[in-house]
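S.K.: Questions regarding the structure given below will be posed in turn.
Each value in this text was obtained by applying a stated rule to the coordinates, not by laboratory testing. What you are looking at is a predicted structure, and each value in this text was computed from that prediction instead of being measured. Positions of Cβ are generated from backbone atoms using ideal geometry, with glycine treated the same way; all protein chains shown enter the neighbour counts.
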Amino acid sequence: MRSRPINPAIPLALLCLIVLFSGCSRPPQSRTGFALATLCTITLYDSHRPQVFQEIFRRLGEIENLMSPHISESDVDRINKASGKNPVKVHPDVFYIVEQALRYAELSEGAFDPAVGPLTSLWGIGFDNQQVPSQEEIDRVLPLINWKDIELDYENSTVFLKRPGMALDLGAIAKGYAADEVSAIIKKAGIPRAIIDLGGNILLVGEKKDKTPWKVGIQDPAESRGSYIGTVQVKDDSVVTSGVYERFFTSGGTTYHHLFSPQNGYPARNDLLSVTIITGVSAAADALSTAVFVMGYEKGRALAESMDGVEAIFVFQDQSIRLTGGVDFRPIDDSYRVVDTFSFLR
């Protein structure tokens, strides 16, 4: 299989928009800024209100300051420091997103686990201290990775990690939540259509001026950003991909990516290169893309198909593509092929 390393220190995702913006009465306005540890680009149509961009990036900064485990005295940092000691009263945003993270942990039977913090810190993928830990080190932190040991107090709005050394990592859901919040700001301002791109987490507001869907490119997992295997057509939906090359490093001839199995403490190993989730709520798309990838094709597909309004695209190491029934996917790269999904299960 083709391979081209991408700098793992730069947060990358598997999606870029293919620009097909016809029929707009005014040229779009775009703003790009760094937030949530990634480049965020917001494009607004039929609007000339700079104050909307200001509100959007203020909100993104607020979410990052609440949810980043790397910002001292963020709510997540305070929760982690208090693990095994005492509950921590948190902002409503944090309480809500932890509650949602626990929902997806339960739905995925722990494949998605917001308590994965000790494991991500141990491996350090994407940071200067990235390493392949010893089995002893992995065995030491595995008992701490258990979403069932996260306790929510609804009356007092507190979060408690029951065991010392536990740590939250909301990186697999926070960007999706942030995209939903940006969408709410845009809709409240009465802006009819927009593209929200938070480091590749895509959320489309409305549809194109001519009432046709947006076209979103699905990244070729074996090539650099901007090479597509096909497009999906969506309206008012989020498109989020998790894949083996978003963040990774190679050691001793083996490549290690950042999508960990909470069961064994290593990057999830299956036949998948990437999973794309398409659904109306970006936080759901964000969490499910990770959960479904870690679960693997059969269990992950079953989860996606059990949920209303959720579609999935599976890209495999043999360059085959499998889709759930409602995906409007248009192939571009002939080296990839869409196969009969049901034949895989027989």
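S.K.: If you take the residues of the range 193-218 that are in contact with an Asp or Glu (Cβ under 9 Å, 6 or more places away or on another chain) and in a loop (DSSP other than H, G, I, E, B), which of them is surrounded by the most Cβ atoms within 10 Å (Cβ to Cβ)?
M.R.: Restricting to residues being in contact with an Asp or Glu (Cβ under 9 Å, 6 or more places away or on another chain) and in a loop (DSSP other than H, G, I, E, B), the top hit is 200.
S.K.: What tally of residues in the range 164-181 results from selecting those that are out of contact with any Asp or Glu (no Cβ under 9 Å at 6 or more places or on another chain) and β-branched (Val, Ile, Thr)?
M.R.: 0
S.K.: So is residue 244 within 30 Å of residue 192 (Cα to Cα), surrounded by 21 or more Cβ atoms within 10 Å (Cβ to Cβ) and in contact with a strand residue (DSSP E or B) (Cβ under 9 Å, 6 or more places away or on another chain) or not?
M.R.: no
S.K.: Can you work out which of the residues in the range 48-69 that are surrounded by 13 or more Cβ atoms within 10 Å (Cβ to Cβ) and not in a helix (DSSP H, G or I) is nearest to the chain's Cα centre (by Cα)?
M.R.: If we take residues in the range 48-69 being surrounded by 13 or more Cβ atoms within 10 Å (Cβ to Cβ) and not in a helix (DSSP H, G or I), then 68 is nearest to the chain's Cα centre (by Cα).
S.K.: Then there is this: Pairs, please: C-beta under 8 Å, at least 6 apart or cross-chain, first residue in contact (Cβ under 8 Å) with a residue 24 or more places away in the chain and surrounded by fewer than 20 Cβ atoms within 10 Å (Cβ to Cβ) and in the range 86-101, second among the polar types (S, T, N, Q) and not in a helix (DSSP H, G or I)?
M.R.: Cβ pairs passing all conditions: 87/156; 87/158; 89/156; 89/157; 89/158; 92/157; 95/157.
S.K.: Another one. Identify all residues within the range 297-325 that are over 19 Å from residue 173 (Cα atoms), in a loop (DSSP other than H, G, I, E, B) and in contact (Cβ under 8 Å) with a residue 24 or more places away in the chain; write none if there are none.
M.R.: 317, 318, 319
S.K.: Separate question: Quick one: residue 189 ticks every box in (1) free of Cβ contacts under 8 Å to residues at least 40 places away in the same chain; (2) more than 20 Å from the chain's Cα centre (by Cα) bar one, so which box is it?
M.R.: Status for residue 189: all satisfied but (1).
S.K.: Filter the range 89-125 down to residues that are touching a helix residue (DSSP H, G or I) at 6+ places or on another chain (Cβ under 6 Å), over 19 Å from residue 287 (Cβ atoms) and in a loop (DSSP other than H, G, I, E, B), then give me how many there are.
M.R.: Adding up the residues that qualify gives 1.
S.K.: A follow-up question, please. Counting only residues that are farther than 30 Å from residue 275 by Cα and either aliphatic (A, V, I, L, M) or touching a Pro at 6+ places or on another chain (Cβ under 9 Å) (or both), how many does the range 76-118 have?
M.R.: 7
S.K.: Same structure again: So if I check each of 220, 153, which one is of a type in the set (D, E, K, R) and farther than 29 Å from residue 80 by Cα?
M.R.: Details: 153 fails: farther than 29 Å from residue 80 by Cα.
Among 220, 153, only 220 is of a type in the set (D, E, K, R) and farther than 29 Å from residue 80 by Cα.
S.K.: Here are some residues: 127, 160. Which one is aromatic (Phe, Trp, Tyr) and touching a strand residue (DSSP E or B) at 6+ places or on another chain (Cβ under 9 Å)?
M.R.: 160
S.K.: Just one of (1) touching a Phe, Trp or Tyr at 6+ places or on another chain (Cβ under 8 Å); (2) among the polar types (S, T, N, Q); (3) over 20 Å from residue 174 (Cα atoms); (4) not in a loop (DSSP other than H, G, I, E, B) trips up residue 86, so point out which.
M.R.: Answer for residue 86: the failing condition is (4).
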